[in-house]
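Quick note: the coordinates plus some simple rules give every number you see, no bench work behind them. The shown structure was predicted, so the numbers you read here are calculated from the model rather than taken from an experiment. Note: ideal-geometry Cβ built from the backbone for every residue, glycine included; neighbour counts use all protein chains shown.
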Amino acid sequence: MSKFVATLALAGALVSGTAVAEPAKPTVVLVHGAFADSSSWNGVIEILQKDGYPVLAAANPLRSVAYDAAHVSDVVASIPGPVVLVGHSYGGQVISNAAKGHDNVKSLVYVAAFAPEAGEAAADLAGKFPGGTLAQALASPVKLAEGGVDLYIDQAKFHQQFAHDVAPQQAALMAAGQRPITEAALTEKSGEPAWKALPSWFVYGDGDKNIPAAALRFMAERAGSRQTVVVEGGSHVVMVSKPQAVADLIEQAAQ
């Protein structure tokens, strides 16, 4: 092949895109909420990784909004490229605070999650509309040596309260391995939320018993959600019961 022909071939390849590297996909950072842990994202992670997305499921300490947001903020700061921040339940309040000050955070995804305004607490929003039954499903609080209490869902009530659309055997494992949250974290007021400056997407089930669907719809509309997916009959853990729907929305937010 002559040098001229080789040059033409290379030019053609560049035009067709075959010799142009695709831009790197953003890293998806997943933040679990109360009464869950990072394994609750396993189904979503499997889909995202298959589709070529780098994924990091951050361990949310569940101690206080300020402490937890600082922890997730440090995780985000360690990632060199663009980030999609995803929060479940109380994790939505955490990402709303953790994203601030990070230019690499491009979008937010709320999965059955709180998206509070400044000065609001998760407990305020959960009680804003009727339908939530979490208070009746809690086990006796665990007193902490440093003061305050940890909250768990009663294992006998966990399936129906938290994960009614998940197989009973899986829900039993989730109940035994649930991470507690301090009562103080649920009543701590939020700072100025990142959803005011960043595009957001929402997905939730209309059968959620932890955060009433009316509250989730209210927060999605207030945040100007780019797209809101409502899973018919879905529980509070739609990322477990409907991982494809959640992964699809995350990938839209990552585009």
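What nm distance separates the two modelled labels at residue 79 and residue 63, each placed 7 Å from Cα along Cα→Cβ?
2.3 nm
How large is ³J(HN,Hα), in whole Hz, for each residue of the stretch 123-140 in order, when computed from phi with the Karplus curve 6.51 cos²θ - 1.76 cosθ + 1.60 and θ = phi - 60°, using x for Gly and Pro?
4, 4, 6, 5, x, 5, 10, x, x, x, 10, 4, 4, 6, 9, 6, 7, 4
Can you tell me what share of the DSSP beta bridges in the stretch 23-254 is antiparallel? A percent to the nearest 5 is fine.
Of those bridges, close to 20 percent are antiparallel.
For the stretch 42-47, just list the computed ³J(HN,Hα) in residue order, Karplus coefficients 6.51, -1.76 and 1.60, θ = phi - 60°, integers in Hz, with x standing in for Gly and Pro.
4, x, 5, 4, 4, 5
Mind ranking 137-147, 210-220, 57-67 by how tightly packed they are, going by the mean number of other C-beta atoms within 10 angstrom, highest first?
Highest to lowest by the protection proxy: 210-220, 57-67, 137-147.
Amide H neighbours of residue 164 under 5 Å, at least 5 residues apart or on other chains, H built in the peptide plane: list them.
236
Within a Cβ distance under 12 Å of residue 148, other residues only, what is the Lys/Arg minus Asp/Glu net charge?
Spelling it out: positives minus negatives among the neighbours equals -2.
Which links in 100/128; 100/242; 209/242; 25/50 stretch past 22 Å when you go from one Cα to the other?
100/128; 100/242
Arranged by the count of other C-beta atoms within 10 angstrom, fewest first, what order do 228, 133, 182 take?
Sorted ascending by nearby Cβ count, the order is 133, 228, 182.
Rounded to whole Hz and in sequence order, give me ³J(HN,Hα) for the stretch 191-202 from the Karplus expression 6.51 cos²θ - 1.76 cosθ + 1.60, θ = phi - 60°, writing x for Gly and Pro.
Computed from phi, the couplings for the stretch 191-202 are x, 4, x, 5, 5, 6, 10, 10, x, 9, 10, 10 Hz.
Using the number of other C-beta atoms within 10 angstrom as an exposure proxy, rank 241, 40 with the fewest first.
241, 40
With unit charges on the beta carbons (Lys and Arg positive, Asp and Glu negative) and the dipole taken about the Cα centre of the stretch 23-254, which residue among 186, 204, 24 sits farthest to the positive side?
24
Provide the three semi-axes, in whole Å and in decreasing order, of the ellipsoid equivalent to the chain as defined by the square roots of 5 times the Cα gyration tensor eigenvalues.
38, 19, 17
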